[in-house]
Amino acid sequence: MLPGELPLVRVSREGLLPGGRDITPLITYASAMTLDAKILTVSDSVASGHRDDLAGPLLADRLRANGFELIEQRVVPDGVDSVAEALVDMCFEFAGLVVTTGGTGFAPRDLTPEATRQVLEREAPGLGELMRSTNAFGPLSRGVSGTVGACLVINTPGSPKGALESLEALLPILPHALELLSGHRDPHPPDTGGSTSTSSLG
């Protein structure tokens, strides 16, 4: 494997496409860009020290196992202001992935999507749709995703299982998304469903 080359990733999407059609794209991304990530845990009980952060470390381990360098992990209480302020700070002059966990449900204090929307410059609804498709309880997550400068922000649920499943649904496409976001113009693999131009969708 060459320096900066990511491992070959095989993804089965059985059941995610209409009619249960199975697509197994084989994607290789070889670029010199590094993959940096930050994790924001949103939880009143974790922030107050009454509960351990279980989802954050799991996300960190999975990101490292997939070639990401973890730059920062942070914990904030639930709420629009606390989450929005943390996201603004974490995205400032940062190029990479920012994953939040927690605050995406229906409880009164679950306000991570509202906070995230205040910060996002462009939403990426397809990412949220893909994450929600991984679990029968996925539609109960109101998480959003999108970009802030050269950052890609994704909301995942607070449960360790839900957070990990959501991240795993996106891992095969995250390197390419970050590559496009950084302004790199590498050709697409033809079997991703797009052309060999600079974007899979146009």
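Numerical summary
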quantity: In the range 149-168, residue surrounded by the most Cβ atoms within 10 Å (Cβ to Cβ) [restricted to those that are touching a residue at least 40 places away in the same chain (Cβ under 8 Å) and more than 13 Å from the chain's Cα centre (by Cα)]; calculated: GLY158
quantity: Looking only at the range 89-105, and only at residues there that are touching a helix residue (DSSP H, G or I) at 6+ places or on another chain (Cβ under 7 Å) and within 19 Å of SER43 (Cβ to Cβ), the one that is surrounded by the fewest Cβ atoms within 10 Å (Cβ to Cβ); calculated: GLY105
quantity: Every pair of residues 6+ apart whose Cβ atoms lie under 7 Å, when the first sits in the range 34-49 and is under 30 Å from LEU180 (Cβ atoms) and of a type in the set (Ser, Thr, Tyr) while the second is part of a loop (DSSP other than H, G, I, E, B) and at pLDDT 95 or above; calculated: THR41/ASP53; THR41/GLY102
quantity: Test: ASP78 is within 21 Å of LYS161 (Cα to Cα) and either touching an Asp or Glu at 6+ places or on another chain (Cβ under 6 Å) or buried (at least 17 other Cβ atoms within 10 Å of the Cβ) (or both); calculated: yes
quantity: Selection count, the range 159-202, where residues are in a loop (DSSP other than H, G, I, E, B), among the aliphatic types (A, V, I, L, M) and modelled with pLDDT under 95; calculated: 1
quantity: Answer residue from the range 42-75, given it is touching a Ser or Thr at 6+ places or on another chain (Cβ under 6 Å) and of a type in the set (Gly, Ala, Ser) and is farthest from PRO160 (Cα to Cα) among those; calculated: GLY56
quantity: The range 32-60 - residue that is at pLDDT below 95 and surrounded by fewer than 16 Cβ atoms within 10 Å (Cβ to Cβ) and, of those, nearest to THR156 (Cα to Cα); calculated: THR34
quantity: Selection status of LEU63, outside any strand (DSSP E or B), among the hydrophobic types (A, V, I, L, M, F, W, C) and over 18 Å from SER159 (Cβ atoms); calculated: no
quantity: Single residue of GLU93, GLU121 found to be of a type in the set (D, E, K, R) and on the phi > 0 side of the Ramachandran plot; calculated: GLU93
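The values are calculated or read from the model by the stated rules, or taken from the named source; none is laboratory data. None of these values were measured; they are calculated from a predicted model. Glycine gets a Cβ as well: all are built from the backbone with ideal geometry, and neighbour counts include every protein chain shown.
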